[in-house]
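See below for the structure under consideration.
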Amino acid sequence: MLFRAQQLGRALMLCIALGAAAQARAEPIRLMMGGMSKIVYLPAVLAAQLGYFRDAGIDVQVVSLPAGIDTSTELIAGAIEGAVGFYDHTIDLQSRGEDVLSVVVFQRAAGLAELASTRSAAGRAMQSMADARGKRFGVTGFGSSTWVITRYLATRAGVAPGDYTVVPLATDTRFADAIEHGSIDAGMVEEPTATRLLTSRAARVLADMRSVEGTQHWLGGPYAGACLYLRRSWVREHRRETQQMVQALVRALRYIGSHPAADIVALLPPGVTGSDRAAYTRALADAQPAFSPDGTMPPGAPQTVLNVLMTAGSRVSAKHVDLSQTWTDEFVTGVQPGVQSAPTPTPTQQTTQ
């Protein structure tokens with residue numbers, strides 16, 4: 001009887017442990033991005049919308065904040081498990097003693113355009129970034145990727161940071177309003193806002209980094225733009241979940257690379273595309289070639305990104321950075337090869353907010 005009681009006790013404890021583990025696994029993984037409507041972040045939105053995270057066996061919540069720099073802050077604070085943002089943040093964070101790494105690259109381009117406002121007299125007079133002196137430039141926020149690359153372009157054109165004004169605008173809506181009303185002379189923004197402003201002729205292009213070729217021309221080499229980055233400690237403790245997330249995101253990248261823009265847009269809610277779905281479709285069609293086909297880090301891209309950060313005067317020093325520790329292809333190379341042939345699932349809106 002004592003032996004049977006001990007067996008029952010052990011069985012009960014095992015059930016309790018398994019139940020606790022299942023409950024822990026049921027906790028959603030929170031991914032945050034700086035603006036869900038930005039096409040550079042589409043793979044994460046699409047993976048949630050099409051149920052790819054669910055198919056991979058994980059519960060993922062995709063949420064949005066206005067600025068990518070805020071996403072980095074939330075990641076380091078432990079308020080979220082993953083950050084969908086620009087790869088340059090991993091280098092900047094490492095230089096400040098934070099251990100994060102990119103596990104899947106979304107874009108092989110910056111996905112950004114420096115635009116001059118046609119509604120501002122100073123903007124209309126600008127021919128290049130060499131004309132930046134005395135101008136007001138809109139960016140997402142101080143320390144954001146748009147801030148870094150704006151400073152890089154101005155510095156390369158011979159204009160010191162103190163010779164122009166940077167205006168943090170946080171959201172694409174505020175950026176568009178500032179361009180249209182001429183309260184800034186120029187600024188840097190992603191798609192689809194860039195296409196909408198160009199279509200309405202409220203702006204014209206000063207530097208176009210929306211394509212792979214344009215990015216290499218303006219930034220000096222292969223580049224990595226948007227990606228998913230995580231705390232290394234979280235990856236060590238959640239290798240299975242990391243692999244599942246990467247599986248879903250690579251599946252989304254393959255979907256983007258194998259379907260017309262119009263078909264993709266048809267799956268997205270108005271909260272992502274905005275009311276002008278035609279403009280979003282045009283912007284996406286132009287952006288599709290810049291998406292990575294497999295999520296791997298482009299050879300040479302980390303060094304280019306580091307060079308941009310250092311030239312921009314972001315206080316990042318090469319001696320404080322080990323680029324090999326800011327990214328890994330381990331999980332993208334572990335993706336099952338058959339995911340690209342999966343049928344199109346029914347869209348769901350339960351995982352995005």
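Any residue at all in region 177-188 that is in a loop (DSSP other than H, G, I, E, B), closer than 23 Å to SER64 by Cβ and under 19 Å from the mean Cα position of the chain (by Cα)? Within region 177-188 (the criterion being in a loop (DSSP other than H, G, I, E, B), closer than 23 Å to SER64 by Cβ and under 19 Å from the mean Cα position of the chain (by Cα)), the answer is no, since none of the residues qualifies. Pairing residues of region 299-314 that are over 12 Å from GLN216 (Cα atoms) and among the β-branched types (Val, Ile, Thr) with residues that are surrounded by 18 or more Cβ atoms within 10 Å (Cβ to Cβ) and modelled with pLDDT under 95, at Cβ distances under 6 Å and at least 6 apart in sequence or on separate chains, gives no pairs at all. The residues in region 15-31 that are touching a strand residue (DSSP E or B) at 6+ places or on another chain (Cβ under 7 Å) and either modelled with pLDDT under 95 or β-branched (Val, Ile, Thr) (or both) can be counted, and the count is 2. The set of residues in region 85-124 that are of a type in the set (A, V, I, L, M), more than 21 Å from VAL45 (Cβ to Cβ) and touching a helix residue (DSSP H, G or I) at 6+ places or on another chain (Cβ under 7 Å) comprises ILE91, LEU93, VAL100, LEU101, LEU115, ALA116. Counted as qualifying within region 38-153 are the strands (runs of 3 or more DSSP E) with 3 or more residues that are in contact with a Gly (Cβ under 7 Å, 6 or more places away or on another chain) and over 21 Å from ARG236 (Cβ atoms), namely 112-117, 136-139. Each residue in region 297-316 was checked for being closer than 20 Å to TYR164 by Cβ and not in a helix (DSSP H, G or I), and 4 of them qualify.
Summed over region 242-273, the residues that are charged (D, E, K, R) and either in contact (Cβ under 8 Å) with a residue 40 or more places away in the chain or touching a Phe, Trp or Tyr at 6+ places or on another chain (Cβ under 7 Å) (or both) give a count of 2.
To keep it simple, each residue is scored yes or no on (1) surrounded by 20 or more Cβ atoms within 10 Å (Cβ to Cβ); (2) of a type in the set (A, V, I, L, M, F, W, C).
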{"residue": "ARG54", "(1), (2)": "no, no"}
{"residue": "VAL60", "(1), (2)": "yes, yes"}
{"residue": "SER64", "(1), (2)": "yes, no"}
{"residue": "ASP88", "(1), (2)": "yes, no"}
{"residue": "GLY97", "(1), (2)": "no, no"}
{"residue": "GLY138", "(1), (2)": "yes, no"}
{"residue": "THR155", "(1), (2)": "no, no"}
{"residue": "TYR164", "(1), (2)": "yes, no"}
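When ALA262 is tested against the conditions (1) farther than 19 Å from VAL148 by Cβ; (2) at pLDDT below 95; (3) of a type outside the set (Asp, Glu), the lone failure is (2).
Restricting region 189-242 to residues that are closer than 28 Å to ARG30 by Cβ, of a type in the set (Ser, Thr, Tyr) and more than 16 Å from the chain's Cα centre (by Cα), the residue that is surrounded by the fewest Cβ atoms within 10 Å (Cβ to Cβ) is SER233. Taken over region 289-340, the criterion of being on the phi > 0 side of the Ramachandran plot and at pLDDT below 95 is satisfied by GLY313, ARG315.
The values are calculated or read from the model by the stated rules, or taken from the named source; none is laboratory data. Not measured: the values here are computed from a predicted model. Neighbour counts run over all protein chains shown; Cβ positions are idealised from the backbone, glycine included.
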